Amino acid sequence: MADRTPLPTGSTIGILGGGQLGRMLAMAASQLGYRCIGYAPAGDNVASDVCADFFENGWGDTAALSAFASRCDVVTWEFENVPLSAVQTIPGHLLAAKPKALEIAQDRLNEKRFVEELGAICAPYMRVESDEDFARALERVGAPGILKTARDGYDGKGQWWIASAHEAEGVRFPGRPCIYEGMVSFETEFSVILARASDGTTRIWDSSANTHDGGMLVKSVIPANTIVESQVEAARKIAQKTADALGYVGVLTLEFFATRSGPVFNEMAPRVHNSGHWTIEGAATSQFENHIRAICGLPLGGTETRFASIDMRNIVGEDALNAHAILEESGEPHLHLYGKREARTGRKMGHVTRVSHEKSPNEHS
Ligand code: AMP
């Protein structure tokens, strides 16, 4: 992609998707003098609270997508499951990144193959499209393992954890294309988050140690640990190659397991990422601002970490109802609530970032 001429102040950014990532992108964009218009099907679109305008229309509504696009100077997405057909309705010159990034990230099989070809190591996996495939995958890959729907899974949804061959007897092929992958015995999970400009300039943030529960991120901690530090260079090379191979523009995230034999690639997200929320207060430039800078043709900002220790935790479900109490804590915690109307169990409602100039991180439980 040719270098993008900087978009002047007052230009309009279109965001496909209406969740908290879109909300935080729009907040960063407004600081740089841009206005955002969102597009997502009707729902609790919390990005709409901070966008200048918002289209609540279906992904199949080509007339609405065209009307949306006609008002935008550049279009990006905050959600990797935006249907490709919707993205392809947007004129190509408006898209910040090529739809190929979405096409690959929307399918776990494509994603693993693509990144493996660039040199990444993945857990053993097999495609599962029938009960017979599932039986074969269990035999070849073995248990423990995880059956995952190839498409549309997020935050641990569309996954069946299988501890033993015996347990697998109770699990049926769910009728949608899946992959079955071996359980990775890892020390820590970490992600590589980078921002790439249209001229190929890339900035990479420090990698946090990420903890998940039931497939959903619970916390990200900086500094990570010596295992991650010893593997991050290799993981960064893979992430850089992936971004270059896609001619990607914006923020791209790759998730890894740090294992005894090196980094094992898990999945990628062609967007800003939950494990990068700490960058808002913790880095010289946040992931949200650098995404906006990249897609608008502005110079990328520095990604250096500004504190000795950082701890970002998600606020999930009903915990959000008492979250303002966090503001009474010492140490000036940074509270972010996304304004979701319904605090459903397991729903990401906000996050809190605690930063410190002290080296040893305070443990907050
Ligand atoms: P995913 O949706 O693939 O990102 O999975 C969500 C979380 O489930 C990951 O961040 C891990 O904590 C866990 N997980 C997924 N796949 C594996 C695996 N093959 N081995 C061990 N843990 C996994």
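Separation of the stretch 303-365 and the stretch 212-243, taken as the distance between their Cα centroids, equals 20 angstrom. Tell me which lysines have Cα within less than 23 Å of Lys348's Cα, excluding those fewer than 8 residues away on the same chain? Qualifying lysines at Cα under 23 Å: Lys148, Lys157, Lys219, Lys340. Computed per residue of the chain from DSSP H runs no shorter than four, each worth -39500 (n - 2.57), the mean residue ellipticity at 222 nm is -7000 deg cm²/dmol. Remark: the chain is approximated by an ellipsoid whose semi-axes, taken from the C-alpha gyration tensor as √(5λ), come to 30, 26, 21 Å, largest first. Taking the Cα centre of each part, how many Å lie between the stretch 271-289 and the stretch 246-261? Value for the Cα centre distance between the two parts: 15 Å. Other residues lying with their Cβ under 14 Å from the Cβ of Glu267 contribute a combined charge of -2, Lys and Arg counting +1, Asp and Glu -1. Of all lysines in the structure, the ones whose alpha carbon falls short of 16 Å from that of Lys100, not counting any fewer than 8 places away in one chain, are Lys112, Lys241.
At 10 °C and 1.306 mPa s, grab the translational diffusion coefficient of the stretch 114-251 from Stokes-Einstein with a Kirkwood Rh over Cα pairs, rounded to a whole number in µm² per second. Mind showing how you got there, number by number?
Values: Rh = 16.9 Å.
In µm²/s, the coefficient rounds to 94.
Quote to one decimal, in nm, the extra length available between Thr345 and Tyr154 on full extension: 0.36 nm per residue of separation minus the C-alpha distance between them.
Working: separation 191, 0.36 × 191 = 68.76 nm, distance 1.53 nm.
Separation in residues times 0.36 nm, less the Cα-Cα distance, equals 67.2 nm.
Rounded to the nearest 20 debye, the dipole magnitude of the chain is 620 debye, with +1 charges on Lys and Arg beta carbons, -1 on Asp and Glu beta carbons, and the Cα centre as origin.
Spin-label model, Met216 to Arg260: label points 7 Å out along the Cα-to-beta-carbon direction sit 3.3 nm apart. The 1.4 Å probe gives accessible areas that order Glu181, Glu103, largest first, as Glu103, Glu181. Note on the stretch 60-215: with neighbouring protein chains present and a 1.4 Å probe, carbon and sulfur make up 48 percent of its accessible heavy-atom surface. Solvent-accessible area of the stretch 281-331 (1.4 angstrom probe, protein heavy atoms only): carbon and sulfur portion equals 47 percent. Between the stretch 105-160 and the stretch 57-86, the alpha-carbon centres lie 29 Å apart.
Take each of the peptides 127-135, 351-359, 202-210, average the number of other beta-carbon atoms within 10 Å over its residues, and list them starting from the highest.
Details: 127-135: 15.3, 351-359: 17.2, 202-210: 22.8.
Top of the packing list down: 202-210, 351-359, 127-135.
Taking amide H positions as modeled 1.01 Å from N, with prolines and chain starts lacking one, the residues under 5 Å from Ala224 and 5 or more places away or on another chain are Ala209. Stretched out straight at 0.36 nm per residue, the stretch from Thr9 to Glu169 would grow longer than its current Cα-Cα span by 51.7 nm. Counting 0.36 nm for each residue step from Lys241 to Glu328 and taking away their Cα separation leaves a gain of 26.9 nm.
The values are calculated or read from the model by the stated rules, or taken from the named source; none is laboratory data. On a predicted model such as this, the values are computed, not experimentally measured, just so you know. Please note: Cβ atoms are built from the backbone with ideal geometry, for glycine as well, and neighbour counts cover all protein chains shown. Please note that ligands, DNA and RNA were not included when accessible areas were found on the heavy atoms of the full protein model with its side chains. Shrake-Rupley method; radii C 1.70, N 1.55, O 1.52, S 1.80 Å.
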